[in-house]
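Asker: This is the structure, below, for whatever I ask next.
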Amino acid sequence: MGLNAKELTELSKHTAKARRNLDNLLDFVDLMNNEADKLEGDVVPPGEKIKELSEEMTSHVEEIVTLIATELDKIPLDPEEIQAAAKNLDLYHGNIHQVIAHANNQKSNYKEDSYWWRYWVGILDCVMQNEMENPSKPIGKSGPFMEKL
């Protein structure tokens, strides 16, 4: 049995960390090159070798990123999980407009048809379906208390 969506997403986060570490390594090389005239010995050749190796490692990290994304995008959505997530959003975001705005914002962070894009589309569908079945109260309508004033 393969990894689930959350496990693959966690791996994806680690690949982002690996990219940042490679960037930090290149920053180190730039720093050493900028200070080369103050150091005994020549730091440029080892720095060039680090850059070369970093570029090679970057291509391998990107290959892994693609493999993880491909596996993640193959995973079907769980309708029960989507429905539960939609209900949780409704509980924590106050009103339908805030829920829709939040879900749309989250969806926009992902490539179309990717797992997480489909996940957020599914949540939006559930939220809209729930709203059609059980309309929420309009914002700004006065209740009995305001009518007495």
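The values are calculated or read from the model by the stated rules, or taken from the named source; none is laboratory data. Keep in mind that this is a model prediction, so the values were computed, not measured. Note that each Cβ is placed from the backbone with ideal geometry, even for glycine, and that neighbours are counted across all protein chains shown.
Asker: Just one of HIS102, HIS93 is of a type outside the set (Ser, Thr, Tyr), under 18 Å from the mean Cα position of the chain (by Cα) and outside the structural domain of GLU10 (by TED's automatic domain parsing); which is it?
Answerer: So the residue among HIS102, HIS93 that is of a type outside the set (Ser, Thr, Tyr), under 18 Å from the mean Cα position of the chain (by Cα) and outside the structural domain of GLU10 (by TED's automatic domain parsing) is HIS102.
Asker: Any residue at all in the stretch 30-42 that's exposed (fewer than 15 other Cβ atoms within 10 Å of the Cβ), part of a helix (DSSP H, G or I) and acidic (Asp, Glu)?
Answerer: Within the stretch 30-42, one or more residues are exposed (fewer than 15 other Cβ atoms within 10 Å of the Cβ), part of a helix (DSSP H, G or I) and acidic (Asp, Glu).
Asker: Working carefully through the options ILE64, ILE82, ILE68, find the one that is surrounded by fewer than 16 Cβ atoms within 10 Å (Cβ to Cβ), part of a helix (DSSP H, G or I) and in contact with a helix residue (DSSP H, G or I) (Cβ under 8 Å, 6 or more places away or on another chain).
Answerer: Details: ILE82 fails: surrounded by fewer than 16 Cβ atoms within 10 Å (Cβ to Cβ); ILE68 fails: surrounded by fewer than 16 Cβ atoms within 10 Å (Cβ to Cβ).
After applying the criteria, what remains is ILE64.
Asker: Now, a different point. Go through (1) over 30 Å from GLU112 (Cα atoms); (2) touching a Cys at 6+ places or on another chain (Cβ under 7 Å); (3) among the hydrophobic types (A, V, I, L, M, F, W, C) for ALA36 and report which single condition fails.
Answerer: Unmet for ALA36, out of (1) over 30 Å from GLU112 (Cα atoms); (2) touching a Cys at 6+ places or on another chain (Cβ under 7 Å); (3) among the hydrophobic types (A, V, I, L, M, F, W, C): (2).
Asker: Take the residues in the stretch 107-149 that are surrounded by 12 or more Cβ atoms within 10 Å (Cβ to Cβ) and modelled with pLDDT under 90; name whichever of them is farthest from LYS13 (Cα to Cα).
Answerer: Among those residues, the one meeting the criterion is SER136.
Asker: Right, here's the next one. Out of all the residues in the stretch 90-106, which are exposed (fewer than 15 other Cβ atoms within 10 Å of the Cβ) and either in contact with a strand residue (DSSP E or B) (Cβ under 8 Å, 6 or more places away or on another chain) or not in a helix (DSSP H, G or I) (or both)?
Answerer: GLY94, ASN95
Asker: Right, another one. Anything in the stretch 66-84 that is touching a Phe, Trp or Tyr at 6+ places or on another chain (Cβ under 8 Å) and either more than 17 Å from LEU3 (Cα to Cα) or among the β-branched types (Val, Ile, Thr) (or both)? List them, or say none.
Answerer: ILE75, ILE82
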